[in-house]
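Notes follow once the structure below has been shown.
The numbers here are math on the coordinates, done by the rules we state, and not lab data. Predicted, not measured: the structure shown is a model, and the values here were computed from it. Counting neighbours? That spans all protein chains shown, and the Cβs are built from the backbone with ideal geometry, glycine included.
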Amino acid sequence: MEQKKEVVIIGAGLVGSLWAVYMSKAGYNVTIYERRSDIRKAEISAGKSINLALSVRGWTALDAVGIGDEIRKIGIPMYGRMMHDIQGNLTYQPYGKEGQAIYSISRGRTNAVMMDMAEKHGDATIHYNHECKKVDLKAGIVTLTNTLTNEEFTVQADLVFGVDGAFSAVRYNSFQKINRFNYSQNFVSDGYREILLPANEDGSYKLDKNALHIWPRGRFMLMAMANEDGSFTCTLFMPHEGGENAFDKLTSLEAVNNFFQTTFPDFYEMMPNIADAWEDHPLSNLAIIRCYPWSHGKVALMGDAAHATVPFYGQGMNAGFEDCTVMNRLMNKHKHDWTAIFEEYSIERKPDGDALQDLSLDNYFVMRDYVADPAFILRKKIEAKFSELHPERWLPLYSQVTFSNIRYSDAYRQGNIQNEIMDEIMSLPNIESEWDSKIVMDILLEKSADFKF
């Protein structure tokens, strides 16, 4: 019997743990090295993270190896956005067709479940408190340090996967040293701070748990996603500095109180002690990281290590999980010829990584500003109506990204074409009263003649 090939995965996060299950099921001997301690043994959050939104691409990757149902146990469906205006009035926008939802999941809780899956279903071994120093990309030799003992040692593997996040050690210490490796790191001007909105005293939710709540305020926004225990993980996205509303202005308890009282009065009513909880979570940065190629020699980058994005489409984790779907398909296509697999992986997947990053930036403007705009709301109603009448002709961009497995690059391209058509529709006379008329629907039918979903 042929000896099992050795696979080393750097990073026991969500994507690393899932990929370990894939590789173990494919017959490889998998070892994971993780820089952090085992989060299952300590009440700590997994890094700095807002709650995550799991959608179709993520479920596709999880279900393919039979672990989706374990995650469904801890997911809370969100069927639409609930907008809170400054007077506290609520406006609801469904995400897709009836019954379609994205799922609010805790990163820490999900990561713990995924680690269990990697060990139990994937038969992987996870070593914690092990920091990757460098990788010999051609030879597959990984240099590691045990951070508890300071012992440095090397391991050799047939394949190495760098799945160690946006600030990947594998990428920084090894890929960025190779000739003609492209790399860019761009921080957006905004940061974010998490706030935990506790449950009511009886454990019930203070807001509708089956919606993603947004307080859009033009240049900044607050959002909230439900947790299993009745609380909400809330996140304020705002410029670091400059302008009247920025994090550098909120340096005192009084300033924080005034800001929430005047800007998010309904939220302040639910959490009058917001100023006391302000420092409970750090102020964090947001970056888009692009690089190419995603593989070299015996090593490949996956997840945020390859294509870190900002969280405004709720697709970072889903994209990382989709990397597993793509790599697995290529593994079967090329019958475990890893030279061919890695070559095609970079070429196929890179345009989708770039497209998601563009989509994520575009959607920030949608969430913090346009969602409160009556013209935008009308635009979405027209799209939803036409899509319902002619699903083969029109799938709104959000649904392409969130409720399908259409490639991100195809969705982005198609979304731009649809956007131009909708600009024309919105400029029609009396569109506010005629929006669902046969004339409008016929124009859309004519303009979408070449579309096929």
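Listing 174, 433 from fewest to most neighbouring C-beta atoms within 10 Å gives 433, 174. Farthest towards the positive end of the charge dipole of the chain, among the residues 418, 402, 353, is the Cα of 353, using unit charges on the Cβ of Lys, Arg, Asp and Glu. For residue 377 and residue 332, a Förster radius of 45 Å and the Cβ-Cβ distance give a FRET efficiency of 0.55, rounded to the nearest 0.05.
What share of the DSSP beta bridges in the chain is antiparallel, in percent to the nearest 5? Here the share of antiparallel DSSP bridges comes out near 75 percent. The structure shown yields Cα extents along the principal axes in Å, and of the options [x] 72, 57, 42; [y] 69, 49, 44; [z] 69, 62, 46 that calculated value carries the label [x].
Relative to the longest principal axis of the Cα atoms of the chain, the long axis of helix 338-368 lies at roughly 30 degrees.
Its alpha carbons give region 251-321 an Rg and a Dmax of 19.2, 57 Å.
Ordered by the number of other Cβ atoms lying within 10 Å of each residue's own Cβ, fewest first, 333, 249, 452 fall into the sequence 452, 333, 249. Taking the Cα centre of region 249-367 as origin and assigning +1 to Lys and Arg Cβ atoms and -1 to Asp and Glu Cβ atoms, the resulting dipole is close to 600 debye. Sparsely packed loop sites in region 229-320 (the chymotrypsin sites (Phe, Trp or Tyr not before Pro) outside DSSP H, G, I, E and B with at most 16 other Cβ atoms within 10 Å) do not occur. Each Lys and Arg adds +1 at its Cβ and each Asp and Glu adds -1 at its Cβ; summed about the Cα centre, region 309-421 shows a dipole of about 280 debye. Counting neighbouring Cβ atoms within 10 Å and putting the fewest first, the residues 178, 382 line up as 178, 382. Just to verify a number: FRET efficiency for residue 72 and residue 431, C-beta to C-beta distance, R0 = 45 Å, to 0.05? With a Förster radius of 45 Å, E is 0.65. Pairs of Cα atoms in region 189-285 fall into 10 Å distance bins, from 0 up to the last occupied one, in shares of 16, 52, 28, 5, 0 percent.
Converting phi to 3J(HN,Hα) with the Karplus coefficients 6.51, -1.76 and 1.60 and the offset θ = phi - 60°, region 377-391 yields 4, 5, 4, 5, 5, 5, 4, 5, 5, 5, 5, 5, 6, 9, x Hz in sequence order, with x at every glycine or proline. A Stokes-Einstein calculation at 4 °C with viscosity 1.567 mPa s, built on the Kirkwood radius of region 109-250 over Cα pairs, returns a diffusion coefficient of 66 µm²/s. Each of residue 452 and residue 127 was given a label point 7 Å from its Cα along the Cα-to-Cβ line. The distance between the two points is 5.2 nm.
Charge tally for residue 242 (other residues, Cβ to Cβ under 14 Å; Lys, Arg +1; Asp, Glu -1): -2. Max-minus-min Cα coordinates of region 312-406 on each principal axis give 53, 30, 17 Å, with the largest extent listed first. Rounded to the nearest 0.05, what FRET efficiency is calculated for residue 183 and residue 254 with R0 set to 41 Å and r the Cβ-Cβ distance? The value I calculate is 0.45.
Between residue 390 and residue 365, the simple label model (points 7 Å from Cα in the Cβ direction) yields a spacing of 2.7 nm. What residue among 215, 258, 268 has its Cα farthest toward the positive end of the dipole of region 189-285, where the charges are +1 on Lys, Arg and -1 on Asp, Glu, each on the Cβ? Selected residue: 215.
For region 373-447, how big is Rg over Rh, using alpha carbon atoms and the Kirkwood form of Rh?
Numbers: Rg = 12.2 Å, Rh = 12.7 Å.
When Rh is taken as the Kirkwood radius, the ratio is 0.96.
Around the Cα centre of the chain, unit charges on the Cβ atoms of Lys, Arg, Asp and Glu (plus for the first two, minus for the last two) sum to a dipole of about 1220 debye.
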